[in-house]
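Worksheet for the structure shown next.
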Amino acid sequence: MDEDEFVKFHTELGFAMKLLKHQAADADELIVREGHRKVSSETAYFLNAVMKLNLELEEEPGGVDMCKAMEKRDQRKEVTEAIKAYRLDGASDEDIIAKVMKLYNVTREYVLALLAPKQA
């Protein structure tokens, strides 16, 4: 389909088809640019699974905020990278938890959830 043909769909289907056409390479940019900040839960879960966007989806009244989901995914990536860096520096788990909580303003439970898979 040509780009102009996606506007024929007056539902989230056109948006989903456009994202699928471009795949994950431009997905973040397209989500922001197309103004589809909030989409139905079904559309969000479908796109996340099919396109492997690794978004942190959180249902709200009116659907899922895709921009918020991208921000949460990006923060998770940053925190995970910080944990790896602190581990390479030889920091203890307790030091890592304290540093990450302060640096990223996240809860202890959030850090533990990202830290736990690495301990197994």
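Summary of values
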read-out: Pair list, Cβ under 7 Å, 6 or more apart: segment 75-102 residue without any contact (Cβ under 8 Å) to a residue 24 or more places away in the chain and not assigned by TED's automatic domain parsing to the domain that holds Leu53, other residue surrounded by 15 or more Cβ atoms within 10 Å (Cβ to Cβ) and not in a helix (DSSP H, G or I); value: Val100/Val106
read-out: Residue check, Ser40 polar (S, T, N, Q) and surrounded by 14 or more Cβ atoms within 10 Å (Cβ to Cβ); value: yes
read-out: Any helices (runs of 4 or more DSSP H) falling wholly within segment 27-120 and containing at least 2 residues that are over 30 Å from Thr11 (Cβ atoms) and either at pLDDT below 95 or more than 19 Å from the chain's Cα centre (by Cα) (or both); value: 66-88, 93-104, 108-119
read-out: Pair list, Cβ < 9 Å and 6+ apart or interchain, from segment 44-59 residues that are assigned by TED's automatic domain parsing to the domain that holds Phe15 to residues that are part of a loop (DSSP other than H, G, I, E, B); value: Ala44/Leu55; Ala44/Leu57; Tyr45/Leu57; Leu47/Leu53; Leu47/Leu55; Asn48/Asn54; Asn48/Leu55; Asn48/Leu57
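The values are calculated or read from the model by the stated rules, or taken from the named source; none is laboratory data. Small disclaimer: the values here were computed from a predicted structure and weren't measured. For neighbour counting, all protein chains shown are included, and Cβ atoms are generated from backbone atoms with ideal geometry for every residue, glycine included.
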